[in-house]
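Heads up: the structure comes next, in structure tokens.
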């Protein structure tokens, strides 16, 4: 028995109605979904930290999530783990004719237009002809905005260059200012969302991954803030009790010491 087979056996035992784990037995697709997302983020975190032993462990946790969902589907007589594997094998072969196709297809090499055409055909086969079909609702909002913009652009609904998107960002910022002046909470939320969406489109035009850019900004802020805390710790006064002017001075010092 290989390790995949053993993992499937372990999951079946955990879900056994009579002798399994009570917690595992009571779970369903919706209750397990948050854990699936969390494990995917932990995989990304291990990669960001260049932690290969950690990555091995986190990939196992993520694989468990796939096995968990497949087991629940098998119990419902819908599909099993082998069906999941067969589905992705077929999809990869279909989407890579330059690797698995006939001699002419392999000779042509990878063509971006072919990739988009194949994916478009798949969406049509799923019964939804929209260019936006298949952009998962469960994606983080930033990533979903990015994908929606990419899909719309693929059918020509886009600005010709980044100048138009920058103008759109300024337009949305002005509309947010108007909403702030009216002190209308729902309008402020809506306009702030429009501004974020425009910024994601700008990132796409600038060939910037917004998620990666924000992660880098988060790391930079954390690095500078920790440096500021350390520099102020000598005073013995809690940060919350220091003046804004003193905090600003320490922040500027931290910026100089930790890069722009």
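Report the residue count in the stretch 142-200 for those that are in a loop (DSSP other than H, G, I, E, B) and under 27 Å from residue 215 (Cβ atoms).
The number of residues fulfilling the criteria is 3.
Report yes if some residue within the stretch 191-207 is without any contact (Cβ under 8 Å) to a residue 60 or more places away in the chain, under 29 Å from residue 48 (Cα atoms) and out of contact with any helix residue (DSSP H, G or I) (no Cβ under 9 Å at 6 or more places or on another chain); otherwise report no.
Checked the stretch 191-207: at least one residue is without any contact (Cβ under 8 Å) to a residue 60 or more places away in the chain, under 29 Å from residue 48 (Cα atoms) and out of contact with any helix residue (DSSP H, G or I) (no Cβ under 9 Å at 6 or more places or on another chain).
Quick one: residue 93 ticks every box in (1) at pLDDT 95 or above; (2) touching a helix residue (DSSP H, G or I) at 6+ places or on another chain (Cβ under 8 Å); (3) over 26 Å from residue 137 (Cβ atoms) except a single one, so which number is it?
Among (1) at pLDDT 95 or above; (2) touching a helix residue (DSSP H, G or I) at 6+ places or on another chain (Cβ under 8 Å); (3) over 26 Å from residue 137 (Cβ atoms), the lone unmet condition for residue 93 is (1).
Taking into account only those residues within the stretch 96-124 that are at pLDDT 80 or above and surrounded by 13 or more Cβ atoms within 10 Å (Cβ to Cβ), which is nearest to residue 135 (Cα to Cα)?
The extreme case among them is 96.
Write out, first by first residue and then by second, each pair whose Cβ atoms fall under 8 Å of each other, whose residues are 6+ apart or on separate chains, and whose first residue, in the stretch 28-49, is assigned by TED's automatic domain parsing to the domain that holds residue 74 while the second is assigned to a helix (DSSP H, G or I) and modelled with pLDDT under 95.
What qualifies is 48/215.
Please verify whether residue 227 is farther than 30 Å from residue 168 by Cα and exposed (fewer than 12 other Cβ atoms within 10 Å of the Cβ), treating the condition exactly as stated.
Taking the combined requirement at face value, the residue does not satisfy it.
Take the stretch 11-23 and flag every residue that is surrounded by 14 or more Cβ atoms within 10 Å (Cβ to Cβ) and either closer than 20 Å to residue 82 by Cα or touching a residue at least 12 places away in the same chain (Cβ under 8 Å) (or both).
Hits for the stretch 11-23 are 11, 12, 14, 15.
Which residues, counting only those in the stretch 20-34, are touching a helix residue (DSSP H, G or I) at 6+ places or on another chain (Cβ under 9 Å) and modelled with pLDDT under 95?
The one that is touching a helix residue (DSSP H, G or I) at 6+ places or on another chain (Cβ under 9 Å) and modelled with pLDDT under 95: 33.
With 176, 170, 180 as the choices, which residue is loosely packed, with under 15 Cβ neighbours inside 10 Å, touching a helix residue (DSSP H, G or I) at 6+ places or on another chain (Cβ under 7 Å) and at pLDDT 85 or above?
Of the residues listed, the single one that is loosely packed, with under 15 Cβ neighbours inside 10 Å, touching a helix residue (DSSP H, G or I) at 6+ places or on another chain (Cβ under 7 Å) and at pLDDT 85 or above is 180.
The values are calculated or read from the model by the stated rules, or taken from the named source; none is laboratory data. In this text, all values refer to a predicted model and were calculated from it rather than measured experimentally. Positions of Cβ are generated from backbone atoms using ideal geometry, with glycine treated the same way; all protein chains shown enter the neighbour counts.
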